[in-house]
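The values are calculated or read from the model by the stated rules, or taken from the named source; none is laboratory data. Values in this document were obtained by computation on a predicted structure and should not be read as measured data. Cβ: placed from backbone, ideal geometry, glycine included. Neighbour counts: every protein chain shown. Remember, those area values only see protein heavy atoms, side chains included, never the ligands or the DNA or RNA. Shrake-Rupley method; radii C 1.70, N 1.55, O 1.52, S 1.80 Å.
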Amino acid sequence: MKIYVFRHAQKAMDFSGDPDLTAEGHAQASKLLDKVLKEELPRPTELWVSPKKRTHSTFRPLSQHLGLPLITQDALLEQKGDETLSDFRNRISKLLENAATKSEATIFMCSHYDWVVEAMGVAPADKDLSSDADFSHWSPCQHVGFHVNSDGVFEFIELKRIQL
């Protein structure tokens, strides 16, 4: 199985707490679809998003073109104000464990900067992602791909950004 974790595309400045994407962000979302259609990224079988608009908008072109529903996962939300770092990491770990049980799936997950950074520290990966400088800063629409082997180990495939 494969898991690709995406930071949402470029978001708009909005004080509502749930902004949508900028024009650039929508262009990144369209470019993501193009990469799948050109087979530069694998074709997802599931699209997991946090409840926030910007994650839905990042995967909406994929969802519409491929006929896949957006599956809202509360566990993909950024860290809550009353949530300890330990609880946040446990939430991420449980979601990754759940995803790893879907042996034939190719799951695309879209979340937020803090979630993605912490996920690199808790993912049972074949390399230490938390101390690698390449994984410490996440640009909008940047993603990492893993092949999950039968032992549940996340084997690193690639780290890329959707460029316009």
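Relative contact order for the chain using alpha-carbon pairs under 8 Å, separation at least 6, rounded to a whole percent?
About 32 percent, as a whole number.
Can you give me the long-range amide H partners of GLN142? Hydrogens built in the peptide plane at 1.01 Å from N, cutoff under 5 Å, separation of 5 or more residues or another chain.
For GLN142, whose amide H was placed from the backbone, the distant partners under 5 Å are ARG7, ILE162.
In the range 56-164, what trypsin sites (Lys or Arg not before Pro) fall in a loop by DSSP, with at most 13 other Cβ atoms inside 10 Å?
LYS80, LYS127
Report the relative contact order of the range 5-80, percent, no decimals, based on alpha-carbon pairs under 8 angstrom and at least 6 residues apart.
30 percent
Which whole-Hz ³J(HN,Hα) couplings does the range 60-77 yield from phi under the Karplus relation 6.51 cos²θ - 1.76 cosθ + 1.60, θ = phi - 60°, glycine and proline marked x?
Computed from phi, the couplings for the range 60-77 are 4, x, 4, 4, 5, 6, 8, x, 9, x, 7, 9, 6, 10, 4, 5, 8, 5 Hz.
Residues with amide H under 5 Å of LYS11's amide H, sequence separation 5 or more or different chain, H placed in the peptide plane at 1.01 Å from N; which?
The list, which skips near neighbours in sequence, is THR22.
Can you tell me the relative contact order of the range 59-150? Whole percent, Cα pairs under 8 Å, sequence separation 6 or more.
25 percent
With +1 on each Lys and Arg Cβ and -1 on each Asp and Glu Cβ, and nothing else charged, work out how big the dipole of the range 2-161 is about its Cα centre, in Debye to the nearest 20.
Value, rounded to 20: 480 debye.
Residue farthest toward the positive end of the dipole of the chain, with Cβ of Lys/Arg at +1 and Asp/Glu at -1: which of LEU21, VAL117, HIS147?
LEU21
Short version: ³J(HN,Hα) in whole Hz for each residue of the range 128-143, in order, from phi by Karplus 6.51 cos²θ - 1.76 cosθ + 1.60 (θ = phi - 60°), x for Gly and Pro, what are they?
Coupling constants for the range 128-143: 6, 8, 6, 9, 7, 4, 4, 9, 8, 10, 10, 6, x, 6, 6, 8 Hz.
Taking N as the number of residues in the chain, what value does Rg over Cα atoms divided by 2.2 N^0.38 Å take?
Its radius of gyration relative to the 2.2 N^0.38 Å reference: 0.96.
Mind checking the per residue accessible area of the chain for me, 1.4 Å probe, whole number of Å²?
With the other protein chains kept in place, the chain gives 48 Å² per residue.
Per-residue HN-Hα couplings for the range 18-28, Karplus 6.51 cos²θ - 1.76 cosθ + 1.60 at θ = phi - 60°, whole Hz, x for Gly and Pro?
9, x, 8, 8, 7, 4, 4, x, 5, 5, 4
Out of the range 17-53, which trypsin sites (Lys or Arg not before Pro) are coil in DSSP terms and have no more than 16 other C-beta atoms within 10 Å? Working shown, then result.
Working: sites: LYS31, LYS35, LYS38, LYS52, LYS53; in loops: LYS38, LYS52.
Of the trypsin sites (Lys or Arg not before Pro), the ones in loops of the range 17-53 whose Cβ has at most 16 other Cβ atoms within 10 Å are LYS38.
How large, in percent, is the carbon and sulfur part of the accessible surface of the chain at a probe radius of 1.4 Å?
On the chain, the fraction of accessible area on carbon and sulfur atoms equals 47 percent.
Can you give the FRET efficiency to the nearest 0.05 for GLU39 and ILE157, using r as the Cβ-Cβ distance and R₀ = 25 Å?
0.95
May I ask you to list the residues of the range 1-41 whose amide nitrogen lies under 14 Å from a point 7 Å from Cα along the Cα→beta-carbon direction of GLU104?
Label zone hits: 1-2.
Add -39500 (n - 2.57) for each DSSP H run of 4 or more in the chain, then divide by its residues: what number comes out at 222 nm, to the nearest 500 deg cm²/dmol?
-11000 deg cm²/dmol, from helical runs alone.
For the residue pair LYS31 and ALA12, what label-to-label distance in nm results when each label sits 7 Å from Cα along the Cα-to-beta-carbon direction?
Placing both labels 7 Å beyond Cα along the Cβ direction yields 2.0 nm.
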